[in-house]
Structures are given as structure tokens and as C-alpha cells.
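Here is the structure we will look at, set down as C-alpha cells.
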Amino acid sequence: MENNFNVENNLPSKVSPWTKVRNFLFQEIEITLTPKQEKVIKGVSDFWNQEITGQKVHDFLFYDITGEKVKNFLFKEIKIVDNIEL
């Protein structure tokens, strides 16, 4: 037909620019992660989805800080590994 309509379904035969953009943005993608990446993603997800209770907030705000705890934090032993991979 001459009026850009498909005879079978009576829809326009020309694809609009918005349809092209939408089809590009919402296309199916497949992502494969290494075991280390999966572990990091799971850790981040667990952190963001953890349950926060009033007791946890209280414990965080009123954490008992002593000189011994500060000393242990500042002078804790650091293990250096020579084959660091980024």
C-alpha cells in the first residue's frame, strides 16, 4: 500500500527513531563474572541489603573506645604479600 501501512496488522511499516533507541537501550545482555567478581558483588549486595535495627545503631553510636583498642588498631601487624595483582 502507498500509505505506509502493512496490510496484515494495520501498523506503520516505518520504524520510528524512538523505537530504535528503546530497542537499543533495552536489549538483552549477558554478563559473565569471575569467581572473585561474584564474591565482591555478593559482598556489596549483602552490605546494602542488611537489616538495620535500633540495637545496631545504638551499638555503633555508643561503641566503647579505649586506649587499648586504639593501640591495637594503629599498631596491628600487616602481612605483605609479594604477588599483588590488581
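The values are calculated or read from the model by the stated rules, or taken from the named source; none is laboratory data. Remember, it's a predicted structure, so these values are computed and weren't measured experimentally. Please note: Cβ atoms are built from the backbone with ideal geometry, for glycine as well, and neighbour counts cover all protein chains shown. Protein only, heavy atoms only, side chains kept; ligands, DNA and RNA dropped before computing areas. Shrake-Rupley method; radii C 1.70, N 1.55, O 1.52, S 1.80 Å.
How large is ³J(HN,Hα) for each residue in the range 32-46, as worked out from phi by the Karplus curve 6.51 cos²θ - 1.76 cosθ + 1.60 (θ = phi - 60°), to whole Hz, x for Gly and Pro?
With the stated coefficients, the range 32-46 comes to 10, 10, 6, x, 5, 5, 4, 5, 5, 4, 5, x, 5, 5, 4 Hz.
Around D46, with a cut-off of 13 angstrom between Cβ atoms, what is the net charge of the other residues, counting Lys and Arg +1 and Asp and Glu -1?
0
How would E38, E30 line up by accessible area, probe 1.4 Å, largest first?
Result of the area sort, largest leading: E30, E38.
Tabulate in residue order the Karplus-calculated ³J(HN,Hα) for the range 66-74, using 6.51 cos²θ - 1.76 cosθ + 1.60 with θ = phi - 60°, rounded to whole Hz; enter x for Gly and Pro.
Computed from phi, the couplings for the range 66-74 are 10, x, 5, 5, 5, 4, 5, 5, 6 Hz.
Determine ³J(HN,Hα), in whole Hz, for all residues of the range 49-62 in sequence, where each value follows from phi through the Karplus function 6.51 cos²θ - 1.76 cosθ + 1.60 and θ = phi - 60°; x replaces Gly and Pro.
Karplus values, whole Hz, x for Gly and Pro: 9, 6, 7, 10, 10, x, 5, 5, 5, 4, 5, 5, 6, 10.
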